[in-house]
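The values are calculated or read from the model by the stated rules, or taken from the named source; none is laboratory data. From a predicted model like this one, the values you see are computed outputs, not experimental measurements. No Cβ is skipped: glycine too gets one built from the backbone with ideal geometry, and neighbour counts run over all protein chains shown. Each accessible area value is taken on the protein alone, full model and side chains, heavy atoms only, with ligands, DNA and RNA left out. Shrake-Rupley method; radii C 1.70, N 1.55, O 1.52, S 1.80 Å.
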Amino acid sequence: MRKHIVAGNWKMNTTLQEGIELAKNVNERISGKDVTVVLCTPFVHLTEVSQLITKDTLFLGAQNCADKESGAYTGEVSVAMIKSTGASYVIIGHSERRAYYGETNAILAEKVKLALNKELIPIFCIGEVLEEREVGKHFDVIKTQLDKGLFDLSSEEFGKLIIAYEPVWAIGTGKTASPEQAQEMHKVIRDHVHGKYGKQIAEDLSILYGGSCKPSNAAELFANPDVDGGLIGGASLQAEDFMGIVNAF
Ligand code: PGA
């Protein structure tokens, strides 16, 4: 059975003290519903936030990880370090990492392997830019990101991860994909996974939508058969907004 998941991506926001307050607020407001909630905080916050989680549907995640296991890589954070904080998820391949930090599909494929080896659940992000959609290349772009980033995995490995479809033109722009656009792409993703890994794995895969998702549009997005939750940026920085999205299921 596929899970409903709402993950907050705090990005480079909140000091440690602000982050603790926000996490406490979210933790308090969770009322044992059938939705897995994940807080993807800055690295610096992980250990502290992990201590204050008391709800069994609330989990912790990082926003990135190194593509190397350990060693002389100044400033990098390994999957083992992330795991040791109590985190169980990691966002990999966010479009901001791809665009601003030159993360290629090959680098991302390495990160996914390392994360799975340490039993961290990757939230693997894919998405097209506006020009690609305008010339009708969006489905091909997404399939290439899947092929090159993930399709070297075994069925067992692939069965553990989560995909987030985040059209780049919708991230932080206030311009959300319509429920029809989201459903259409999520179905293309699920069908592509079906072609490679078969029906069961495709059916069990949680595919999250991300890009200007907020309490006012979450319910209509989540009502689609292939939209299994959301990856939330801006609206995850206020506990009330974030919980409004969690409760949209
Ligand atoms: P947004 O960001 O909700 O602020 O558009 C989503 C994301 O980048 O994960």
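Annotation: amide H-H contacts under 5 Å for residue 166 (H modelled 1.01 Å from N, sequence separation of 5 or more, or interchain): 126, 127, 210. In order along the stretch 185-194, the Karplus-derived 3J(HN,Hα) couplings, from 6.51 cos²θ - 1.76 cosθ + 1.60 at θ = phi - 60°, round to 6, 4, 5, 4, 4, 5, 5, 5, 5, 4 Hz, and Gly and Pro are given as x. Modelled this way, with points 7 Å down the Cα-to-C-beta line, the labels at residue 52 and residue 191 are 4.6 nm from one another.
Largest first, the residues 10, 169 sort by 1.4 Å accessible area into 169, 10.
For residue 113, the lysines whose Cα comes closer than 23 Å to its Cα, not counting residues fewer than 8 places off in the same chain, are 3, 11, 68, 83, 143, 148, 160, 196, 199.
Across all C-alpha atoms in the chain, the radius of gyration and Dmax reach 16.7, 48 Å.
For residue 139, the accessible surface of its heavy atoms amounts to roughly 60 Å² (probe 1.4 Å, protein chains only, rounded to the nearest 10). Shape annotation for the stretch 96-207: C-alpha extents along the principal axes are 36, 33, 21 Å, from largest to smallest. The length gained on full extension between residue 68 and residue 25, counted as 0.36 nm times the residue separation minus their Cα-Cα distance, comes to 12.0 nm.
As a ratio to 2.2 N^0.38 Å, the alpha-carbon radius of gyration for the stretch 41-112 is 1.15. Spacing of the modelled spin labels on residue 17 and residue 43, each 7 Å from Cα toward Cβ, amounts to 2.4 nm.
Stretched out straight at 0.36 nm per residue, the stretch from residue 223 to residue 178 would grow longer than its current Cα-Cα span by 15.0 nm. Based on the reciprocal of the average 1/r between different C-alpha atoms, the Kirkwood radius for the stretch 49-88 equals 11.3 Å. Less than 5 angstrom separates the built amide H of residue 121 from those of 89, 90, all sequence-distant by 5 or more or on a different chain. Using bins of 5 Å that start at zero, the share of Cα-Cα pairs per bin across the stretch 143-195 amounts to 4, 16, 26, 23, 15, 11, 5, 1, in whole %. Heavy-atom surface analysis with a 1.4 Å probe gives the chain a carbon and sulfur content of 50 percent of its accessible area.
The fraction of Cα-Cα pairs per 5 angstrom bin, counted from 0 for the stretch 173-240, comes to 3, 18, 27, 21, 14, 10, 5, 2 percent, rounded to whole percents. Below 8 Å between Cα atoms, with a sequence gap of 6+, how large is the relative contact order for the chain in percent? Worked out over the chain, it gives 21 percent. When the Cα atoms of the stretch 1-53 are aligned to their principal axes, the ranges along those axes come out at 36, 20, 15 Å in descending order. With the simple model of a label 7 Å out from the Cα in the direction of the Cβ, residue 141 to residue 84 spans 3.9 nm.
Of the residues 90, 77, 49, the one that moves most in a GNM of the chain with alpha-carbon contacts below 10 Å is 77.
Dividing the convex hull volume of the alpha-carbon atoms in the stretch 1-121 by its residue count gives 115 Å³ per residue. Working note: Cα gyration tensor of the stretch 130-170, eigenvalues times five, square-rooted, sorted largest first, giving semi-axes of 24, 11, 5 Å. With helices as the sole contributors, the chain gives -12000 deg cm²/dmol at 222 nm; each DSSP H run of n ≥ 4 counts as -39500 (n - 2.57), and the sum is divided by every residue. 3J(HN,Hα) along the stretch 52-68: 9, 6, 10, 8, 7, 9, 9, 10, 10, x, 9, 9, 5, 8, 6, 9, 10 Hz, from the Karplus curve 6.51 cos²θ - 1.76 cosθ + 1.60 with θ = phi - 60°, whole Hz, x for Gly and Pro.
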